[in-house]
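Participant: Input: one structure, supplied below.
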Amino acid sequence: KKIFWIKEDYSIATQKWFLFSLSLMLTIVTATNILIVYSSISYVLGGNIDITAFKNQGGAAEMIRVWADPRLVFLSYGFSPLAYFSLALHFYFIFRGRVYLSLVFFIFSLNIPLVGLHSLSRSSIVHYFLLYFLIYCACYGGIPDKVKRKVNLIAGLFFAGIVAIFALITTSRFSGSSFSTIPGNSFVSSPILYSILNYASQWIVNSIGALE
């Protein structure tokens, strides 16, 4: 039984070896990204740097190398793009009804937002959420019914955690922040809500003017 969509002249052993090698590399990358994210959060929460200045004054990529080994950062940036391939494998194994393997590659695909969380970025979370949602909607009709409930439950739990992280970063970064000064005539008075609306409309011309 084929477990991957490569040419038929490849043996099952070769296909399994390919998936094993990919999984081993992604395991190392995932552990590396988790370590860097943990180091970033610990550094900021330890009072070594203000999160608002860390995010809004620039140079976050260089500052990460202060508390994380530059070699680990290089490893992460070099191999984390494999997470996009993992996302494709995640949906492939969903189609095949292989729930365990789909879960494994779903976890590996989380390297997409983890890289952004090196610098406590919210954009990588939004990017991953939208990417997954659109692919899931496109593939929904082809997913076996007996698998849909499990996928919905597991994905729902993970995304609830992602939303919680997004909310934590937003609250920590913009609560009382001088970087999101609200104009006196704005109909929004909460700095957190103002930052969310601003963030959601940054692709719209004159978004700040609209909020004002």
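The values are calculated or read from the model by the stated rules, or taken from the named source; none is laboratory data. Predicted, not measured: the structure shown is a model, and the values here were computed from it. Here Cβ is always computed from backbone atoms with ideal geometry, including for glycine, and neighbour counts include all displayed protein chains. For accessibility, only protein heavy atoms count, side chains too; no ligands or nucleic acids. Shrake-Rupley method; radii C 1.70, N 1.55, O 1.52, S 1.80 Å.
Participant: Using R₀ = 30 Å, calculate the FRET efficiency as 1/(1 + (r/R₀)^6) where r is the Cβ-Cβ separation of LYS146 and VAL188; round to 0.05.
Facilitator: 0.05
Participant: Please work out the average accessible area per residue across segment 65-177, using the 1.4 Å probe convention, and give it in Å².
Facilitator: Accessible surface, normalised per residue, equals 50 Å².
Participant: Report the calculated FRET efficiency for PHE158 and PHE95 (r = Cβ-Cβ distance, R0 = 22 Å), to the nearest 0.05.
Facilitator: 0.70
Participant: If LEU45, LEU72, LEU87, LEU168 are ordered by their accessible area, calculated over protein heavy atoms with a 1.4 Å probe, which sequence runs from highest to lowest?
Facilitator: Ranked list, largest accessible area first: LEU45, LEU168, LEU72, LEU87.
Participant: Can I ask one more? To the nearest 10 Å², what's ARG96's accessible area with a 1.4 Å probe?
Facilitator: Per-residue accessible area (ARG96): approximately 80 Å².
Participant: Hey, another quick one. Quick check: with the 1.4 Å probe, what order do TYR92, TYR38, TYR128 take by accessible area, largest first?
Facilitator: Result, largest first: TYR38, TYR92, TYR128.
Participant: At what distance in angstrom do the alpha carbon centres of segment 98-162 and segment 69-88 lie from each other?
Facilitator: 17 Å
Participant: Would you mind computing, in nm to one decimal, how far apart the modelled labels at TYR136 and ILE165 are, each placed 7 Å from Cα along Cα→Cβ?
Facilitator: 1.6 nm
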